[in-house]
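**Q** The structure under discussion is supplied below as structure tokens; questions concerning it will follow.
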Amino acid sequence: MDFFLYLSAILAVVLIWLLFPNRMSRMARKIPGPRALPIFGNIFNFIVIGPKAPECWKKQMETYGNTFRVWLGPQLHVFMVDPEDIKAILSSQSLLTKSESYKTLVPWLKTGLLVSTGKLWQMRRKAITPTFHFKILDEFVPIFYKCSKILLDCIKDKVGQEPFLITGFMSNCALDTIAETAMGTELKAQTNPQSEYPTSILRMTTVLVERVANPLLGMEPLYTLSGRRKVESDLLKILFSLPREVIRGKKYFKSNRKNITPSDEAFGIKKKTAFLELLLEMKENNAPAFQTDKDVQDEVITFMFEGHDTTTMALTYTTWLLGMHPDEQEKLYQEVSSILEGKAEPSMEDYSKMEYLERVIKESLRLYPPVPIIGREAIEDVLLPSSGFLIPKGTQITIIIYALHRREDLFPDAEKFNPDRFLEQQKHPYAFLPFSAGPRNCIGQKFAMLELKVMISNLVLHYKIKSKKDMILNPEMLLRSENGPYISITPRN
């Protein structure tokens, strides 16, 4: 069966290759890059994701410069780490379509902000922006703080024990936080990590990564015949069920508000849910961006997707880096303790004073950006201002954020963890891109930074962290680790 699947895939690739426009091939020859085989291109000598990818990226940059091309089968890809060329792509008002790789997310996120484009994206972006106003974020602080306290309780059994893997704890904490802020429901993933919804999210992420990593799985009928389509479908039923239930419950609560006592919170729904509540209000007011419950559901699911795994990895790497650098950790502890001393529940204003913590988080995001690469599709020919290359229409453009952040000319002594480098002005406005940039930048970056501040400050306030050094990075859809990271903890008092 596998033989015929692969043979069908090869024949399909050959057919596409033969029909591929010659114009793109001619234009691509003017952009430096490794020699490509007929039909297969560079799929055997270029690594896009996986543990060996960072070294491959580095080698290509050293050989061909900061903007280079590869062929992945019949598809032309241009990779770049030049901030001026990146600016031309990300600041463009026309290059707003995400690259082909994002299509694997469409069955999950549907019309959500991350994967939509054109007029729909513009309407949604404009409509959603007010939901991240600082006054609304201020209402989330108690939720962040509550979830951070549960995190401390969940890891207290690890005190004085052997180094343990921190990622799972951070994942459940981030999931609890995003569920309550996005939907107003307490998922309780931290206290019940084996429940159906948290485990389904992890399995769904694995399915998507497998499809991105294996080009053959991106083709039909191979994906369906492999059995993965059914696995994906079964997982999506679970992942869609919770938002649907919460939306139904919220609508019921609102329509029966007068008959419900303060203790009656059906479906675990709180009285206020800034994100979901505002989206439902937009729908009730016939806003063009939200006409149906499904429109609302797509954005809630997208918010949960974007705010879960990315926050997980940011929390994980920041904690690990602090454990690797005791001097910086102690400096951070002094700042946090001086601000939070004697306060039962800190405010947003308290966290705004934590300037060193902000630099620590930024430096962590520089060294270990949760999203290591992002992509756009060239819907028109694009002239790059720095390299001077002309990218043909139809090209998949990939910005390697991980490699960009480690350029020595942009960040001297780039491999060193140095939070105070952010006391100085950046050498280029598009050199530091943990939240992307331009019109499609991360709409929730202030939300994310506030959440990270609450979690990290509370962790450092109560525990001393020591990290196990060895770690093998694995860039996938997110920047993960093959073997950790592991930390050990001891109480502060």
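**Q** State all residues of the stretch 239-264 that are open to solvent by 40 Å² or more (accessible area, probe 1.4 Å) and either modelled with pLDDT of 85 or more or closer than 22 Å to Ile301 by Cβ (or both); if no residue qualifies, say none.
**A** Answer for the stretch 239-264, where residues must be open to solvent by 40 Å² or more (accessible area, probe 1.4 Å) and either modelled with pLDDT of 85 or more or closer than 22 Å to Ile301 by Cβ (or both): Ser241, Arg244, Glu245, Arg248, Lys251, Tyr252, Lys254.
**Q** Starting from residues that are aliphatic (A, V, I, L, M), open to solvent by 20 Å² or more (accessible area, probe 1.4 Å) and in a helix (DSSP H, G or I), keep the ones in the stretch 271-306 and report whichever is modelled with the highest pLDDT. Explain how you work it out, then say what you get.
**A** Quick first cut of the stretch 271-306, residues aliphatic (A, V, I, L, M) only: 274, 276, 278-280, 282, 287, 289, 296, 300-301, 304.
If we keep only those that are open to solvent by 20 Å² or more (accessible area, probe 1.4 Å) as well, we get 278, 282, 287.
Next, only the ones that are in a helix (DSSP H, G or I) stay: 278, 282.
Working: Leu278: 86, Met282: 93.
Here the residue is Met282.
**Q** Restricting to the stretch 220-238, count the residues that are open to solvent by less than 70 Å² (accessible area, probe 1.4 Å) and modelled with pLDDT of 90 or more.
**A** Going through the stretch 220-238 one residue at a time, the tally reaches 7.
**Q** Among what's in the stretch 192-219 and is over 25 Å from Ile47 (Cβ atoms) and not in a helix (DSSP H, G or I), pick the residue that is least open to solvent (accessible area, probe 1.4 Å).
**A** Applying the filter and picking the extreme gives Ser195.
Yes or no, residue by residue, for (1) touching a Leu at 6+ places or on another chain (Cβ under 8 Å); (2) more than 19 Å from Glu476 (Cα to Cα); (3) not in a helix (DSSP H, G or I):
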| position | (1), (2), (3) |
| --- | --- |
| Arg35 | no, yes, yes |
| Ile49 | no, no, yes |
| Trp57 | no, no, no |
| Glu62 | no, yes, no |
| Leu76 | no, yes, yes |
| Lys87 | no, yes, no |
| Ser92 | no, yes, yes |
| Lys103 | no, no, no |
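**Q** Do you know which residues across the stretch 385-417 are farther than 13 Å from Ile86 by Cα, part of a loop (DSSP other than H, G, I, E, B), in contact with a Pro (Cβ under 9 Å, 6 or more places away or on another chain) and not basic (Lys, Arg)?
**A** Listed by number, the residues that qualify are Pro392, Gly394, Leu410.
**Q** I'd like to know if the stretch 458-469 contains one or more residues that are open to solvent by less than 50 Å² (accessible area, probe 1.4 Å), more than 18 Å from Ser171 (Cβ to Cβ) and not in a strand (DSSP E or B).
**A** yes
**Q** With the requirement that a residue be under 14 Å from Lys464 (Cα atoms) and surrounded by 16 or more Cβ atoms within 10 Å (Cβ to Cβ), what does the stretch 153-163 give you?
**A** Across the stretch 153-163, the qualifying residues are Ile155, Lys158, Pro163.
**Q** Lys427 fails exactly one of the following numbered conditions: (1) assigned to a helix (DSSP H, G or I); (2) surrounded by fewer than 16 Cβ atoms within 10 Å (Cβ to Cβ). What is the number of that condition?
**A** Going through the list (1) assigned to a helix (DSSP H, G or I); (2) surrounded by fewer than 16 Cβ atoms within 10 Å (Cβ to Cβ), Lys427 breaks only (1).
**Q** Okay, moving on. Say we look at the stretch 148-206 and pick out the residues that are in contact with a helix residue (DSSP H, G or I) (Cβ under 9 Å, 6 or more places away or on another chain) and at positive phi; which of these is modelled with the lowest pLDDT?
**A** Gly184
The values are calculated or read from the model by the stated rules, or taken from the named source; none is laboratory data. A quick note: this is a predicted structure, and the numbers were derived from the prediction, not measured. Cβ coordinates were reconstructed from backbone atoms using ideal geometry, including for glycine residues, and neighbour counts include every protein chain displayed. Ligands, DNA and RNA are excluded from the accessible area calculation, which covers all protein heavy atoms including side chains. Shrake-Rupley method; radii C 1.70, N 1.55, O 1.52, S 1.80 Å.
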